[in-house]
1. Looking only at strands (runs of 3 or more DSSP E) that fall completely inside the stretch 1-98, which ones have 1 or more residues that are open to solvent by 40 Å² or more (accessible area, probe 1.4 Å) and of a type in the set (A, V, I, L, M, F, W, C)?
2. Checking Val73 against (1) at positive phi; (2) without any contact (Cβ under 8 Å) to a residue 12 or more places away in the chain: exactly one of these is not met. Which one?
3. Only one of (1) in contact with a Gly (Cβ under 9 Å, 6 or more places away or on another chain); (2) under 20 Å from Glu6 (Cα atoms); (3) of a type outside the set (Phe, Trp, Tyr) is not met by Lys86, so which one is it?
4. Run Leu110 past the list (1) open to solvent by 10 Å² or more (accessible area, probe 1.4 Å); (2) in a loop (DSSP other than H, G, I, E, B); (3) in contact (Cβ under 8 Å) with a residue 60 or more places away in the chain and report the number of the one that doesn't hold.
5. Just give me the residues in the stretch 24-56 being among the small types (Gly, Ala, Ser) and without any contact (Cβ under 8 Å) to a residue 40 or more places away in the chain, in sequence order.
Amino acid sequence: QVQLVESGGGLVQAGGSLSLSCAASGSMFRINAMGWYRQAPGKQRELVARITRGGTTDYVDSVKGRFTISRGVAKNTVYLQMSSLKPEDTAVYYCTGEVMGAVYWGKGTLVTVSS
């Protein structure tokens, strides 16, 4: 069973920066794409950023130029560097990993951006 554990959430003022990390374990097969989703109160969960095993990245328009997704050398970790944070970035952020066509989710980490 693939497990994903996020870390790095917290409280930050608008305009500040925060980094999230996610470590995957338990996979007998290689982890293909990894990503970050978020869900704000009262809103649907949305894809924030995604990175393939080869390093191709994709971002939701609202975070382009402010967030950067990357993976560790071992390919079982994924990071999200967030800068110029806005109150509307407040959400629970979830890490995902794709293995053999299945998507696994972490439990989430809360990011709160104060105005």
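1. Hits in the stretch 1-98: 3-7, 10-13, 18-25, 46-51.
2. (1) is the only condition that Val73 fails.
3. So the condition that Lys86 fails would be (2).
4. Among (1) open to solvent by 10 Å² or more (accessible area, probe 1.4 Å); (2) in a loop (DSSP other than H, G, I, E, B); (3) in contact (Cβ under 8 Å) with a residue 60 or more places away in the chain, the lone unmet condition for Leu110 is (2).
5. Gly26, Gly42, Ala49, Gly54, Gly55
The values are calculated or read from the model by the stated rules, or taken from the named source; none is laboratory data. Just so you know, these numbers come straight off a predicted model, no measurement behind them. Note that we place each Cβ from the backbone using ideal geometry, even for glycine, and neighbour counts take in every protein chain shown. With ligands, DNA and RNA removed, areas are computed over all heavy atoms of the protein, side chains included. Shrake-Rupley method; radii C 1.70, N 1.55, O 1.52, S 1.80 Å.
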